[in-house]
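Student: I have a structure here, written as structure tokens, and I will follow up with some questions on it.
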Amino acid sequence: MTLKHFGLTGHRDAIERDISLARHLADGVRRTPGLEMFEPQNLSIVCFRVAGSNERNQQILERIQLGGEAFLSGTTIAGTFWLRACIVNHRATKADIDALLHTIERAQTLGSQPGS
């Protein structure tokens, strides 16, 4: 039904937009001290982490999820825990991505317990 409504061009444009936003996030991660990027960055999925232990990154993920400002998931690749952003919301904007980066920066500076 969505293909019929938006057409092939509409779907292509939406996918290209999501990939562009993911590149914007990846560029922001690369520019932010204390963040590490999982390379290569593919499609609209960006895996990154705060420099430090797996436990610290899991705590940061929990803090962000409980804070309700953004939604990230986590994944483990070769024994290393990464934060994972998958951009597929047609309403997402560069301002949302910038806000996510700000949220991550803030979360890494707070105490290690959620809610602190």
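Student: What does the accessible area per residue of the chain come to in Å², with a 1.4 Å probe and no ligands, DNA or RNA counted? Before the final figure, lay out the partial values.
Tutor: On the way: 7040 Å² over 116 residues.
With the other protein chains kept in place, the chain gives 61 Å² per residue.
Student: In the chain, with Lys and Arg counted as +1 and Asp and Glu as -1 at Cβ, which of these residues, Gly67, Ala99, Ala14, has the Cα nearest the positive end of the dipole, that is, farthest along it?
Tutor: Ala14
Student: Cα-based Rg of the chain per 2.2 N^0.38 Å, rounded to two decimals?
Tutor: Working: Rg = 15.2 Å, N = 116, 2.2 N^0.38 = 13.4 Å.
Output field value: 1.13.
Student: Pop out the carbon and sulfur fraction of the accessible area of the chain as a percent, whole number, probe 1.4 Å.
Tutor: Carbon-and-sulfur percentage of accessible area, whole number: 55.
Student: Here's something else I'd like to know. Which order do the peptides 87-97, 4-14, 46-56 take when ranked by the mean count of other beta-carbon atoms within 10 Å per residue, highest first?
Tutor: Numbers: 87-97: 13.4, 4-14: 10.7, 46-56: 17.7.
Per-residue mean Cβ counts within 10 Å order the peptides as 46-56, 87-97, 4-14.
Student: Still on this structure, I have one more. How large is the dipole of the chain about the Cα centre if only Lys and Arg carry +1 and Asp and Glu carry -1, each at its Cβ, rounded to the nearest 20 debye?
Tutor: Details: 13 positive and 12 negative charges, 32 e Å.
That gives the chain a dipole magnitude of about 160 debye.
Student: With each pseudo-label sitting 7 Å past Cα toward Cβ, what's the Arg23-Thr93 distance in nm, one decimal?
Tutor: Reported label-point gap for Arg23 and Thr93 is 2.1 nm.
The values are calculated or read from the model by the stated rules, or taken from the named source; none is laboratory data. Here the structure is a predicted model, which is why all the values come from computation and not from measurement. When we count neighbours, we look across all protein chains shown, and the Cβ atoms used for this are built from the backbone with ideal geometry, even at glycine. Remember, those area values only see protein heavy atoms, side chains included, never the ligands or the DNA or RNA. Shrake-Rupley method; radii C 1.70, N 1.55, O 1.52, S 1.80 Å.
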